[in-house]
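Undergrad: Below you'll find the structure I mean.
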Amino acid sequence: MERIIFKERAITNSMKTEALYLNDAYKIEGIGTALFVEFTDMKVDKSIFYPTLFGEPNDTGKVIIEGKEYQIVDTIYDGEYIHLISMDTYPQGLVGKSVKQVIDWEKRYVHMRFRTALRLISGLSYKLWGVSCRVNETYDDRAWIDIEKPDITEEEITEVMSKANEMVKQNLEISFSYISMDEFLNRDDLKKMSIHETFDDEKIRIMRVPGLPDQPEFGVNVKNTGEVGEIKYKTTKARGKVSNRININF
């Protein structure tokens, strides 16, 4: 097997960062090992920090190494590994050492609620009209999503948002499982829903909400719809036409 040599340690190219946040989005702390360190950049074998990915922003927080804290201001995914970017330069000699990771929970939880709200909207859009949602972006205080339905009306937007808030009130349990890439490629519904996304994983993570179609989802979400809270929304008109972009907040 080909080996990749870094300054402080050799690792095989089959290693990838384990995404602890997908196993438990409510886990505030986690432990990993430093694989590579250079200035403010540290690559780890396990990460509790979510990187900027699929329209969802990265977590921030801190790591603790040998009793010293380093503020994490950015989290990056390079296609194989997650990098924890510190405000300050890491000292040399950290490779192979244990790294305690602590996320900013308030920020993470807001992202989880927004992410689930967007998935309710995208699931309902496919259920009602058989359309996908092209783009979604989550921020600390708002989020937005584009519904790929030509000439969508205000009445239709009101309908999908009303149904989304009904699902919130029902406090429905949300679950996740994995399917193979082959199974994903044989599911026309999943491919159509994720037509604007690209997955290179061997297994595809599937989100299930009662009453909605299955959806591929690699973000962090709440455990049940009730945690989302009331979804407030607005749309905009451009040149007298209703925009298919829905802006939401809580």
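Undergrad: List the lysines whose alpha-carbon lies under 19 Å from that of Lys16, not counting same-chain residues fewer than 8 positions away?
TA: Output for Lys16: Lys7, Lys43, Lys46, Lys97, Lys100, Lys203.
Undergrad: Using alpha carbons only, how many angstrom separate the centre of segment 209-250 from the centre of segment 15-41?
TA: Here the two parts' Cα centres lie 29 Å apart.
Undergrad: How high is the relative contact order of the chain, in percent, counting Cα pairs under 8 Å that sit 6 or more residues apart?
TA: 18
Undergrad: If I fit a long axis through the Cα atoms of helix 154-169 and take the longest principal axis of the Cα atoms of the chain, what angle between them do I get, 0 to 90°, rounded to 10?
TA: Rounded to the nearest ten degrees, it is 60.
Undergrad: Shifting gears a bit: How much of the accessible area of segment 149-250, in percent, comes from carbon and sulfur atoms when a 1.4 Å probe is used?
TA: Taking all protein chains in place, segment 149-250 shows 45 percent carbon and sulfur surface.
Undergrad: Placing +1 at every Lys and Arg Cβ and -1 at every Asp and Glu Cβ, with all other atoms neutral, what dipole size does the chain have around its Cα centre, in debye to the nearest 20?
TA: Roughly 340 debye for the chain.
Undergrad: Kindly provide the trypsin sites (Lys or Arg not before Pro) of segment 37-117 that DSSP labels as loop, not H, G, I, E or B, and whose Cβ sees at most 15 other Cβ atoms within 10 Å.
TA: Passing sites in segment 37-117 are Lys97.
Undergrad: Length gain on complete extension for the stretch Met87 to Tyr26, per 0.36 nm per residue less the alpha carbon to alpha carbon distance?
TA: 19.5 nm
Undergrad: What aspartates and glutamates sit close enough to Lys62 to cross-link, taking a C-alpha to C-alpha distance under 12 Å and skipping anything fewer than 8 places away on the same chain?
TA: Glu29, Asp74, Asp88, Asp104
Undergrad: Per residue, how much accessible area does segment 120-241 have with a 1.4 Å probe, in Å²?
TA: Here the residues of segment 120-241 average 53 Å² of exposed surface.
Undergrad: Quick check on the chain: helices-only [θ] at 222 nm, where DSSP H runs of length 4 and up contribute -39,500 (n - 2.57) each and the sum goes over total residues. Nearest 500, please.
TA: For the chain, the value works out to -7000 deg cm²/dmol.
Undergrad: May I pose another question? Along Cα→Cβ, 7 Å out, is where each label goes; now give me the distance between the ones at Arg134 and Glu18 in nm to one decimal.
TA: Inter-label distance under the simple model: 4.0 nm.
Undergrad: Right, another one. For segment 75-102 and segment 103-130, what is the separation of their C-alpha centers, rounded to whole Å?
TA: Their Cα centres are 28 Å away from one another.
Undergrad: Considering the convex hull of the alpha carbon atoms of the chain, report its projected area averaged over all viewing directions, in nm², one decimal.
TA: Taking a quarter of the hull surface, the average projection is 14.7 nm².
Undergrad: Expected output is a single nm value to one decimal: the length gained when fully extending between Val73 and Asp151, i.e. 0.36 nm times separation in residues minus the C-alpha distance. What is it?
TA: Length gained, Val73 through Asp151: 24.0 nm.
The values are calculated or read from the model by the stated rules, or taken from the named source; none is laboratory data. Note that the structure is a prediction, hence the values are computed from the model and not measured. As a convention, Cβ positions derive from the backbone with ideal geometry for all residues, glycine included, and neighbour counts pool all protein chains shown. Areas reflect the complete protein model, heavy atoms only, side chains present, ligands, DNA and RNA absent. Shrake-Rupley method; radii C 1.70, N 1.55, O 1.52, S 1.80 Å.
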